Amino acid sequence: MKIIACYSNKGGVGKTATAVNLAYALAAKGQRTLLCDLDPQGASSFYFRVKPSKKLTETKFFEDVERFTKAIRASDFDGLDILPANMTFRDFDVFLSRMRNSRSRLKKALKAVKGDYDVILLDCPPNISTLSENVFSAADGIIVPVIPTTLSQRTYIQLEQFFQANKLPLKKLHAFFSMTQGVKSLHGQTMEDMRKQHKKRFLKTQIAFTSDIERMGVQRAPVMATAPRSQAAQAYGTLHDELMERL
Amino acid sequence: MSLTFLPSYLVRSDALDTLSGKPIGKLRARLTRGENDFPFKVLDTHDEHLRRRGICLVRSGSDLLLWPAAHGPITQYVGKDPVEFVTDLPDGPVRQALGAVPELRSLLPMAQGRMQQVLLALVDTEEKTRARAEFHVLTAQDGSAAIVQPQALRGYDGAYTQLIKALGACGAKTLTEASVIAALNPDHRPYVAKPDLKLGAKTTAYDAATGIIKAYLAVARRNEAGIIADTDIEFLHDYRIALRKIRSVLSLFKDVYKDKQTLALKQQFSDLMALTGRLRDLDVYMQERQFFFDLLPESLHAGLERMFQMFAEERTAQLATLAAHLQSPAYEAEITALINRFDTCHKLRPGPEGDRNAQTYAAKLIWKRYRKICQIAEAIDDQTEDEMVHELRIQCKKLRYLMEFFAPAFPKTAFKSLLKPLKKLQDNLGLFNDYSVQQNSLTAFLDSLGTKDHDRNMQLAQSVGALIAVLHQRQREERLKVVDSFAMFNSKETQQTFRDLFHGGKS
Ligand SMILES: Nc1ncnc2c1ncn2[C@@H]1O[C@H](COP(=O)(O)OP(=O)(O)OP(=O)(O)O)[C@@H](O)[C@H]1O
Ligand SMILES: [Mg+2]
């Protein structure tokens, strides 16, 4: 089982759009996938029309196992389940460590119902300082959308510094350019610079800014499901392939 | 992602309209109908082995579909060729799900028509799917029905429960409770090789005997078409068993019918059976082919090959003769007359025991037979003539038939506790007999070889001779087990149960 986190210390860069489509692509390729919505706003749950069940957050009397397994919801797509945004960060920490431990009761409980996962994908909210360290160490790979602007460049450098300061392997970081706009020549220059500066950290694939992705909010489904032939869907497909090759 | 293996259901085909017509709790049904319909055939063995196990197997074009399954049906591509025996299927998901189907039984089309796939999704106010079901609507000439494979979605147990409830309200039954074949063909009567016979407390011996014979005449008839078409060898086997049971009722139920009539009837059934004997022997040989080859070293295989070729030719001829007989007006007239006779009891006069209560009559017969068996067995040790062992086998068979005929009149568990060890004993005696019969008929086969083609016949004779030797050895091995087998059967408990059930507890 692999854990992949979709993370950026900057908001609105396309983390959720990536997580949702990546999850879809993984499941479509036959990987049993669990998408964990860590955003209290429930952004990725929204795209899958899953209503967060509020009750579960407070019901501490449940066993961990039951709390987690009961919170999981099937998406409308085969092989893709959602853990909606109804956990506290502390709960989530527990959840991650349980999923990591193959002998934990949670793993066994999931196995028993053929619900064990090949990939767990985390859609992280922008400000998770309390959690980020744990996510970084739990994850096998961290996919980081970067909008090619000077400001984003600086944020990305901060992330690498954080990794170095905490002795986390930089190898885990898989950045890619998000929301790129062909007409803005500034984008092109920034991308060139960053690729040079952070050799190997950046994937070749980039996700351009397109109205198809914007419309996901109306369609409430991954663009790969609603417009599989669109340029956006194909780009997410390549992103999936490239990332999986790296992991 | 589905939680576990869920049952499949059978439901009226108009259930889809009912389900999509009004909300189900807070959910609504969304239907997606497949664009095309496809031909289908429901496959099962003559005795509906699959249906009885709650399995529905469908062939559509080059695919096999099987329910129940976790998601839609389990499917396997099988190409264009007809599928006859499950054992001939290439390995695959359907083959695996079928598991152990009686090897000798062929799959037959039990119903056919056109099939359409319809997906049902129960969605909430956000248009999120909370439960799903895949319908295969089967439409045959005289009936239609839908196989439903519901699918639970993780985290939406409530919706699944509602779906099952809604299906239940439409009259859905699981495939273990309902028959797809019967739903598509309302006139269908399932074939039952061992009919369940009822025996009332007041049933007379005459009525019991007549009831059994009627039931088995019907069984025999249900096998004729399969013999003629050479569908599989079990048709002939069941046909013979049915006739043999009738004959044993006539001989075991002494004085239930008038003596003269009994004798004539016995002769009539023996004659009917006689026409089938050789074909059955050949069927058994063909079945044992591999076994025989395994018994002999490779150097002797050529001879065996030739023998089996001769058997195959003889079988073709025997089958043609029997098929012609079964299709002849004379046979039709004879069997119809027999059925009428036992239906109307015309020219079927009760004998001195006819009015006896069937239950007390049965107890008497069974006790007598059991005593006889004990007597024979007591005289058998490892030195006794084989004849005695054969006699023991025949008596055990008679006892078994009697017990099976009258089983409904006695307490189930006690009865079962007797039948189980009896079957074991019979297995031993049966093998002993099979080896002996095979030796005899192989010897007869050798004798029948002419003087033509001397060289090849020499080779053949060598092989068959070696085979007889091995069979003889096997027979000896079975023979040595007989004394122990009988002791195992006739335990203290068995003796007591026989006394209790059939002799008022007395010895
Ligand atoms: N490639 C793209 N082209 C056009 N619009 C995009 C693209 N990627 C994301 N968006 C839109 O930008 C907005 C923010 O994207 P998204 O929610 O994926 O970012 P995020 O990083 O998850 O945000 P947050 O930090 O709030 O969680 C959304 O409205 C989304 O539809
Ligand atoms: Mg987000």
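What follows draws every value from the coordinates through simple rules; no lab data is involved. Just so we're clear, the structure is a prediction, and the values are computed from it rather than from any experiment. Positions of Cβ are backbone-derived with ideal geometry, glycine not excepted, and every protein chain shown enters the neighbour counts.
Remarks
- Modelled spin-label separation between residue B:35 and residue B:404, with each label point placed 7 Å from Cα along the Cα-to-Cβ direction: 5.5 nm.
- Dipole size of chain B about its Cα centre, with +1 on Lys/Arg Cβ and -1 on Asp/Glu Cβ: approximately 2220 debye, rounded to the nearest 20.
- Taking every residue in B:151-159 and counting other chain Cβ atoms within 10 Å of its Cβ, the average works out to 4.
- Taking every residue in B:332-339 and counting other chain Cβ atoms within 10 Å of its Cβ, the average works out to 0.
- Summary of the geometry: the stretch B:314-348 and the stretch B:397-447, compared by the centres of their Cα atoms, lie 27 Å apart.
- Prolate/oblate/rounded call for the stretch B:337-456, Cα gyration tensor, a/c under 1.5 rounded: oblate
- Summarising the overall dimensions of the stretch B:264-367 from its C-alpha atoms, the Rg and Dmax are 21.5, 64 angstrom.
- Note on chain B: helix-only mean residue ellipticity at 222 nm, from DSSP H runs of 4+ residues weighted -39500 (n - 2.57) and normalised by residue number, equals -18500 deg cm²/dmol.
- The dipole here belongs to the stretch B:145-241: it is taken about the Cα centre, uses +1 on the Cβ of Lys and Arg and -1 on the Cβ of Asp and Glu, and is about 340 debye.
- The local environment of residue A:43, defined by Cβ-Cβ distances under 13 Å, has a net charge of 0 under the rule Lys, Arg +1 and Asp, Glu -1.
- Dipole magnitude for chain A: computed about the Cα centre from +1 point charges on Lys and Arg Cβ and -1 point charges on Asp and Glu Cβ, it is near 400 debye.
- P(r) weight above 31 Å for chain B, C-alpha pairs, percent: 60
- The angle separating the long axis of helix A:129-138 from the principal Cα axis of greatest extent in chain A is about 90 degrees.
- The stretch B:237-305 and the stretch B:120-196 have their alpha-carbon centroids 44 Å apart.
- Note on residue B:263 and residue B:371: with the Förster distance fixed at 25 Å, the Cβ-Cβ geometry gives a FRET efficiency of about 0.45.
- Site pair residue A:170 and residue B:126 shows an inter-label distance of 4.0 nm when each label is modelled 7 Å from Cα along Cα→Cβ.
- Relative contact order (percent, whole number), the stretch B:357-507, Cα cutoff 8 Å, 6+ residue spacing: 35
- Unit charges at the beta carbon, dipole of the stretch B:9-184: most positive-side option, B:169, B:60, B:150: B:169
- Here the ratio of the Cα radius of gyration of the stretch B:125-183 to 2.2 N^0.38 Å is 1.30.
- The stretch A:2-246 shape via C-alpha gyration tensor axes, a/c threshold 1.5: prolate
- Relative pair counts by distance (%), Cα atoms of the stretch B:361-412, 10 Å bins: 25, 46, 22, 7
- Within the shell defined by Cβ-Cβ distances under 10 Å, the residues around residue A:125 carry a net charge of -2, with Lys and Arg each +1 and Asp and Glu each -1.
- Averaged over the residues of B:115-127, the number of partner chain Cβ atoms lying within 10 Å of the residue Cβ comes to 1.
- Pair residue B:499, residue A:66: separation of 7 Å Cα→Cβ label points (nm): 5.7
- When the charge dipole of the stretch B:222-352 is built from unit charges on Cβ atoms (+1 for Lys and Arg, -1 for Asp and Glu) and taken about the Cα centre, the candidate among B:307, B:257, B:274 whose Cα reaches farthest toward its positive end is B:257.
- Ordering B:80-92, B:16-28 by mean Cβ neighbour count within 10 Å, with the highest value first, yields B:16-28, B:80-92.
- Here the mean projected area of the convex hull built on the C-alpha positions of the stretch B:212-251 is 2.3 nm².
- For chain B, the longest principal axis of the C-alpha atoms and the axis of helix B:454-489 are separated by about 80°.
- In whole angstrom, the stretch B:9-184 maps to an equivalent ellipsoid with semi-axes of 30, 16, 15, each derived as √(5λ) from the alpha carbon gyration tensor and ordered largest first.
- C-alpha long axis of helix B:234-252 to longest principal axis of chain B, angle in °: 50
- Calculated from the alpha-carbon coordinates, the protein assembly as shown shows an Rg and a Dmax of 36.9, 114 Å respectively.
- Charge dipole (the stretch B:357-507, unit charges on Cβ, about Cα centre) - positive-most of B:483, B:460, B:373: B:373
- Restricted to Cα atoms, the stretch B:181-331 shows a radius of gyration and a Dmax of 19.3, 65 angstrom.
- For the stretch B:1-141, the relative contact order works out to 28 percent when only alpha carbon pairs closer than 8 Å and six or more residues apart are counted.
- Distance between the C-alpha centres of the stretch A:208-247 and the stretch B:468-505: 75 Å, rounded to the whole angstrom.
- Relative contact order of the stretch A:2-246, defined on C-alpha pairs under 8 angstrom at six or more residues apart (%): 27
- For the residue pairs A:51/A:171; B:198/B:260; B:202/B:416; B:245/B:412; A:15/A:111; B:214/B:266, the alpha carbons lie more than 25 Å apart in A:51/A:171; B:198/B:260; A:15/A:111.
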